[in-house]
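K.L.:
First, the structure itself, so that you have it in front of you.
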Amino acid sequence: MAFYLPLLEPHFKHIEIGDTLTSLWSGCGSIVECMLDAEPCVIKAIKIPSHISHPKIKQSEFALKRKQQSYEVEYNFYKRYSPILPNKAKSIECVSAINSGDDYALVFKNFTKHGFAQASAIDIKPILTWLAHFHAFSLNKPAKGLWQQGNYWHLSTRPDEFNKLKQSADKKSDIKSAAHKIDKTLQASRYKTLIHGDAKLANFAASELSEILAYDFQYVGAGVGVTDVMYFMTSCFNDEHLHKYADAHLSYYFSQFKSALGVYQPQINADDVITTWHSLWPLAWADFYRFLAGWSPDHFKINSYMMAQVNLTLSSNNL
């Protein structure tokens, strides 16, 4: 019997398990189609193994606890935060969030049965609008039960990757020497919001009317909005497109953010937030580069646009 069936049985009278759509990261469970009380649903069934098997991540108690906490955070998000999100920053609908020990069953309405499909490159601007509304709605609100520092690559959660970085003789051009100051500067921003933390194109769904739903909130927590925007751009733009379009799309995001903040929190000076976050744009890239350089130094996302932002960070007075 599947481990998640005892989690479901107290909540649903009629359970029909369908196809397994995919396995979760490194053997942590499965995504399964089902019918629950005649409603087409998808279960994210989570069971943390005692050993993480991943080619680029060293097995350690630290790494295991990080993964365990990520699923606890996701559970908390769907229980406490998802139901109150505004219409322009919705997540996929969670029917039930169930937990027993280290086992979880997150039950979602199957968005493919409600006019949504996996987002694609035509949805870039609608997703930037989603991010703008999510950040504006959550600005300066506490991240209770979530990561106190959102995203999966920030410095305190990636000591193994940091230790793999090679130190440059020239500290003015050395990301390892600057890493703690970059991290501290990002954390010290006077404007913090909830960031998705893994805002790649693959974690959004879109309708034909350009309505957007987000999912995979394992790394949601406190941060600056441009961190999500930076990471999103790495998922849908190559190096050439970043040079051509990054500035325009960042400006578009900020325009949407300003409008959204006027709706949700008009007492906050939007221009001041935008000025503050715009100054952190190169640092967000440098922070992600620090992780990639330690995790997978030949990663395709390390490109000339990213390195230009890294060099700007290291050579300027941003730090």
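K.L.:
Collect the residues in the range 130-142 that are more than 15 Å from N87 (Cβ to Cβ) and open to solvent by 10 Å² or more (accessible area, probe 1.4 Å), keeping them in residue-number order.
P.N.:
The answer is N140, K141, P142.
K.L.:
Across the range 260-294, what is the total count of residues that are open to solvent by less than 30 Å² (accessible area, probe 1.4 Å) and acidic (D, E)?
P.N.:
Within the range 260-294, residues that are open to solvent by less than 30 Å² (accessible area, probe 1.4 Å) and acidic (D, E) number 1.
K.L.:
Test S189 against the stated conditions and say whether it is among the small types (G, A, S) and buried (at least 19 other Cβ atoms within 10 Å of the Cβ).
P.N.:
Values: among the small types (G, A, S): yes; buried (at least 19 other Cβ atoms within 10 Å of the Cβ): yes.
Taking the combined requirement at face value, the residue satisfies it.
K.L.:
Then there is this: From K58, K88, which residue is modelled with pLDDT of 95 or more, open to solvent by 20 Å² or more (accessible area, probe 1.4 Å), in contact with a helix residue (DSSP H, G or I) (Cβ under 8 Å, 6 or more places away or on another chain) and closer than 23 Å to G197 by Cα? Working first, answer last.
P.N.:
Numbers: K58 fails: modelled with pLDDT of 95 or more.
Sole residue among the options that is modelled with pLDDT of 95 or more, open to solvent by 20 Å² or more (accessible area, probe 1.4 Å), in contact with a helix residue (DSSP H, G or I) (Cβ under 8 Å, 6 or more places away or on another chain) and closer than 23 Å to G197 by Cα: K88.
K.L.:
Another question, if that's okay. Got a number for residues in the range 83-129 being more than 23 Å from A38 (Cβ to Cβ) and not in a strand (DSSP E or B)?
P.N.:
Total satisfying the criteria: 19.
K.L.:
Quick one: in the range 205-214, of everything that is assigned to a loop (DSSP other than H, G, I, E, B) and not charged (D, E, K, R), which residue is farthest from N151 (Cα to Cα)?
P.N.:
Ranking the qualifying residues of the range 205-214, first place goes to L209.
K.L.:
From (1) modelled with pLDDT under 80; (2) open to solvent by less than 90 Å² (accessible area, probe 1.4 Å), pick out the condition that doesn't hold for C41.
P.N.:
Only one criterion is unmet by C41, namely (1).
K.L.:
Could you list, in sequence order, all residues of the range 195-205 that are under 20 Å from T157 (Cβ atoms), in contact with a helix residue (DSSP H, G or I) (Cβ under 6 Å, 6 or more places away or on another chain) and either modelled with pLDDT under 95 or open to solvent by less than 10 Å² (accessible area, probe 1.4 Å) (or both)?
P.N.:
Filtering the range 195-205 for residues under 20 Å from T157 (Cβ atoms) gives 195-200, 203.
Those still in the list that are in contact with a helix residue (DSSP H, G or I) (Cβ under 6 Å, 6 or more places away or on another chain) too: 195-196, 199-200.
Those that are under 20 Å from T157 (Cβ atoms), in contact with a helix residue (DSSP H, G or I) (Cβ under 6 Å, 6 or more places away or on another chain) and either modelled with pLDDT under 95 or open to solvent by less than 10 Å² (accessible area, probe 1.4 Å) (or both): I195, H196, A199.
K.L.:
In the list A202, A136, A132, A179, which residue meets the criterion of being assigned to a helix (DSSP H, G or I) and under 20 Å from A308 (Cα atoms)? Working first, answer last.
P.N.:
Details: A202 fails: under 20 Å from A308 (Cα atoms); A136 fails: under 20 Å from A308 (Cα atoms); A132 fails: under 20 Å from A308 (Cα atoms).
Answer to the selection: A179.
K.L.:
Taking the range 206-216 only, how many residues are crowded, with 21+ Cβ neighbours inside 10 Å and closer than 20 Å to F237 by Cα?
P.N.:
Final tally of qualifying residues: 3.
K.L.:
Report, by residue number, each residue of the range 153-169 that is open to solvent by less than 80 Å² (accessible area, probe 1.4 Å), in a loop (DSSP other than H, G, I, E, B) and modelled with pLDDT under 95.
P.N.:
R158, L165, S168
K.L.:
Also, quick follow-up: Could you list, ordered by first residue, the pairs with Cβ atoms under 6 Å in which the first is in the range 206-226 and among the polar types (S, T, N, Q) and the second is part of a strand (DSSP E or B) and open to solvent by 10 Å² or more (accessible area, probe 1.4 Å), at least 6 apart or interchain?
P.N.:
Correct list of pairs: S207/F116.
K.L.:
Considering every residue within the range 235-256, establish whether at least one is outside any helix (DSSP H, G or I), open to solvent by 30 Å² or more (accessible area, probe 1.4 Å) and farther than 27 Å from Y289 by Cα. Lay out the reasoning, then the answer.
P.N.:
In the first step, residues of the range 235-256 are kept if they are outside any helix (DSSP H, G or I); the result is 237-238.
With the extra rule that they be open to solvent by 30 Å² or more (accessible area, probe 1.4 Å), the set shrinks to 238.
Adding the requirement that they be farther than 27 Å from Y289 by Cα leaves none.
For the range 235-256, residues outside any helix (DSSP H, G or I), open to solvent by 30 Å² or more (accessible area, probe 1.4 Å) and farther than 27 Å from Y289 by Cα: absent.
K.L.:
Hey, another quick one. Could you tell me whether the range 302-314 includes any residue that is farther than 18 Å from G223 by Cα, hydroxyl-bearing (S, T, Y), outside any helix (DSSP H, G or I) and in contact (Cβ under 8 Å) with a residue 40 or more places away in the chain? Lay out the reasoning, then the answer.
P.N.:
The initial filter retains those residues of the range 302-314 that are farther than 18 Å from G223 by Cα, namely 302-314.
Imposing the further condition that a residue be hydroxyl-bearing (S, T, Y) reduces the set to 304-305, 313.
If we keep only those that are outside any helix (DSSP H, G or I) too, we end up with none.
Within the range 302-314 (the criterion being farther than 18 Å from G223 by Cα, hydroxyl-bearing (S, T, Y), outside any helix (DSSP H, G or I) and in contact (Cβ under 8 Å) with a residue 40 or more places away in the chain), the answer is no, since none of the residues qualifies.
K.L.:
So, of the residues in the range 257-272 that are assigned to a helix (DSSP H, G or I) and either modelled with pLDDT under 95 or of a type in the set (A, V, I, L, M, F, W, C) (or both), which turns out to be nearest to G197 (Cα to Cα)?
P.N.:
The first filter runs over the range 257-272 and keeps only residues assigned to a helix (DSSP H, G or I), leaving 257-264, 270-272.
Add one more test, that the residue is either modelled with pLDDT under 95 or of a type in the set (A, V, I, L, M, F, W, C) (or both), and what stays is 257, 260-261, 263, 270.
On the way: F257: 17, A260: 20, L261: 20, V263: 24, A270: 22 Å.
Ranking the candidates gives F257 first.
The values are calculated or read from the model by the stated rules, or taken from the named source; none is laboratory data. Worth saying up front: this structure is predicted, and the values here are computed from it rather than measured. As a convention, Cβ positions derive from the backbone with ideal geometry for all residues, glycine included, and neighbour counts pool all protein chains shown. Surface areas here come from the heavy atoms of the whole protein model, side chains and all, with no ligands, DNA or RNA. Shrake-Rupley method; radii C 1.70, N 1.55, O 1.52, S 1.80 Å.
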